[in-house]
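Take a look at the structure set out below.
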Amino acid sequence: MKKILLMLTLMALPAIIQATEGATIKHTMDGAMDISMSYPDIVMSGRDFELTVFVQNNGWEDKQDIRFVITSQDESILIKNNTVSIERLSKGSSYGSTIKFTVASDAKPGTHYLNMLYSQVLLSNNEIPTPLNSKNIAIPIEIRNEPKIQINTIVPSAIFPNAEFPFDVNILSSDIDLRDVTVKIIAPDDVTFRGQSTHTFSFISRGESLQIHSQIITEDVEITSEHKVPFEVVVSYTDDVGKEKTTSKTVSLLLRPRTLMEFTTDGGVWIGGFFLAPYVSIGTLVGIPAGTLFSILVHRLQKKKSGKKRKTK
């Protein structure tokens, strides 16, 4: 029995079953000849992919001269052997095969089609050949450029000195699996991390969102004007064809002077130089003497005035 080409045949309206890793097309031909084909609905440029076909003769008669001839609409998808033939498939028997394809590195992104011509001859009473039965079918394949890694960050709109803030990173690869992944968060000199700033992962599945939660701590220094401080997130990984790659994203946070009262992201409150933790009750906050709050305000105003005088000298 010779190798059978991979592509599907037709007769009834094709049923396409979308799956996580691709799609499956099923057809029933004359004489209860059932064929199913599985293939990736999305492929990357410069990579190989496979289509797998399974043929089952569920009819009462044998079939002969079974042929699959597959062609590509252009040079975007290359096929080494585009014809597969089966001399005879007896009733109740089945056959499966896999065909390999290569996507050109300069293939244009978008939907491309593989065209398949299927033909067979049904043997009446397993002896008398009937007229050739054939059908065409188009197989849609979406080609995408080099896979991209999405780096998303969730950070506060602004930060101020002598405080702690969340710095969350989300890594997502929608096209390929990633191996040997390293995520490094590079902070400016006046900001430190609580815990690790470098994280490693052996494997991240395609479509799986990776969440990294970090805390940054600003230095206890007084600043008089706001300015932006850069953070860089660097992701190194090995792609699906074994190549080591690196991508990065820079995020700038606004570092500004602290006001008289600041609310932290975890529910804490800064009043001047005093910090009330999130678990401190509202009654405690209200119970702070008004004179204390007034003293803090006067002290800050005096600091600002003295700073202005130094600048004018």
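The values are calculated or read from the model by the stated rules, or taken from the named source; none is laboratory data. The structure presented is a predicted model; accordingly, all values stated were derived computationally and were not measured. In this analysis, Cβ positions are derived from the backbone assuming ideal geometry, glycine residues included, and neighbour counts consider all displayed protein chains.
Quick one: would you say Ser97 is surrounded by 13 or more Cβ atoms within 10 Å (Cβ to Cβ), within 34 Å of the chain's Cα centre (by Cα) and among the polar types (S, T, N, Q)? Yes.
Residues in the range 96-112: is at least one farther than 30 Å from Lys243 by Cβ and out of contact with any Lys or Arg (no Cβ under 7 Å at 6 or more places or on another chain)? There is at least one residue in the range 96-112 that is farther than 30 Å from Lys243 by Cβ and out of contact with any Lys or Arg (no Cβ under 7 Å at 6 or more places or on another chain). Listed by first and then second residue, the pairs with beta-carbon distance under 7 Å, at least 6 apart or on different chains, first residue in the range 105-116 and in the same structural domain as Thr52 (by TED's automatic domain parsing), second in a strand (DSSP E or B) and among the basic types (Lys, Arg), are Pro109/Arg144.
Of the numbered criteria (1) part of a loop (DSSP other than H, G, I, E, B); (2) over 38 Å from the mean Cα position of the chain (by Cα), the one Gln64 fails is (1).
Scanning the range 128-154 for residues that are more than 21 Å from the chain's Cα centre (by Cα) and either in the same structural domain as Leu253 (by TED's automatic domain parsing) or among the β-branched types (Val, Ile, Thr) (or both) gives Ile128, Thr130, Ile137, Ile139.
Among the candidates Ile141, Ile185, Ile99, Ile151, single out the residue that is farther than 19 Å from Phe231 by Cβ, modelled with pLDDT of 90 or more and hydrophobic (A, V, I, L, M, F, W, C). Lay out the reasoning, then the answer.
Details: Ile185 fails: farther than 19 Å from Phe231 by Cβ; Ile99 fails: modelled with pLDDT of 90 or more; Ile151 fails: farther than 19 Å from Phe231 by Cβ.
Exactly one residue qualifies, and that residue is Ile141.
Please indicate, with yes or no, whether at least one residue in the range 162-170 is more than 31 Å from the chain's Cα centre (by Cα) and surrounded by 13 or more Cβ atoms within 10 Å (Cβ to Cβ). Yes, the range 162-170 contains a residue that is more than 31 Å from the chain's Cα centre (by Cα) and surrounded by 13 or more Cβ atoms within 10 Å (Cβ to Cβ).
The condition of being out of contact with any helix residue (DSSP H, G or I) (no Cβ under 8 Å at 6 or more places or on another chain), more than 12 Å from Asp180 (Cβ to Cβ) and in a strand (DSSP E or B) does not hold for Phe201. Quick one: would you say Glu232 is in contact with a helix residue (DSSP H, G or I) (Cβ under 9 Å, 6 or more places away or on another chain), under 19 Å from Thr192 (Cα atoms) and modelled with pLDDT of 60 or more? Spelling it out, it is not the case that Glu232 is in contact with a helix residue (DSSP H, G or I) (Cβ under 9 Å, 6 or more places away or on another chain), under 19 Å from Thr192 (Cα atoms) and modelled with pLDDT of 60 or more.
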